[in-house]
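Below is one structure, written out as structure tokens, with a few remarks after it.
The values are calculated or read from the model by the stated rules, or taken from the named source; none is laboratory data. Just so it is clear, the model here is predicted, and its values are computed rather than measured. All Cβ positions, glycine included, derive from the backbone under ideal geometry; neighbour counts span all protein chains shown.
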Amino acid sequence: MSWPFLAVFFSGWLFIDASYRGPRWQRWVFKPVTLLLLLLLAWSAPNLGVNGYLILLGLLVTLIADALLLLPAERFLYAIGAFFLSHLLYTISFASTIALVFYWPMLLVLIVIGAVLLAVIWTRLEEVRWPVATYVVMTLLMVWMAGDQYFARGTQAGFSQLVGALLLLLSNIVWLISRYRFSFRAADAIVAAGYFVGHFLIVRSLYL
């Protein structure tokens, strides 16, 4: 394994560990450091095409969204908008590499997941109901598009993108439930692990 991959893994592990039991400053430091290392890793990918640049932009917007979450609560809507844009860029990147086959079974499963998630947190969302709902729909669309690519071509890159997108979905589900319905001790670690590994696998697809 190359040094850039090792650096990303080491930084990501410190970020996940800090989310579970470490000091808050460690999480604030290693989350942006991990994303910056992922940006460098994506930039170093061979034959970086249109889909690669879209993934780079998605990572950059994610970094901005994380910075917005560190600001006062009124910036939450801006962060949700930035995360929405990041997942939109990922979705366009996935779609740019295939002829769509519209794999409906996965879409139906994702619709059920989205409906259950929104039903669980809907009464707690209050004034952010529609922004959060729109963001959830965008995340589900991203996962479906990654699945469509994989089932259309069956490549290793497609599988890496699909698993990465699913982990980002899992991270967001746990994040929203923990934030708006009930929190539990392992929530931050699960969110951090899904967040880091999800983005990493999407970047890894550029090397396959």
Quiz item: When you go through R204, R129 one by one, which is the residue that is modelled with pLDDT of 85 or more, surrounded by fewer than 19 Cβ atoms within 10 Å (Cβ to Cβ), among the charged types (D, E, K, R) and touching a helix residue (DSSP H, G or I) at 6+ places or on another chain (Cβ under 7 Å)?
Solution: R129
Quiz item: If you check Q156 against the conditions, is it surrounded by fewer than 17 Cβ atoms within 10 Å (Cβ to Cβ), in contact (Cβ under 8 Å) with a residue 12 or more places away in the chain and not hydroxyl-bearing (S, T, Y)?
Solution: yes
Quiz prompt | Residue tally, condition farther than 30 Å from W130 by Cα and either without any contact (Cβ under 8 Å) to a residue 60 or more places away in the chain or of a type in the set (F, W, Y) (or both), over region 38-77 | solution = 7
Quiz item: If A189 satisfies every condition in (1) without any contact (Cβ under 8 Å) to a residue 40 or more places away in the chain; (2) within 21 Å of L63 (Cα to Cα); (3) among the hydrophobic types (A, V, I, L, M, F, W, C); (4) surrounded by fewer than 21 Cβ atoms within 10 Å (Cβ to Cβ) but one, which is the exception?
Solution: (1)
Quiz prompt | region 174-201, residues that are among the small types (G, A, S) and under 13 Å from the mean Cα position of the chain (by Cα) | solution = A192, A193, G194, G198
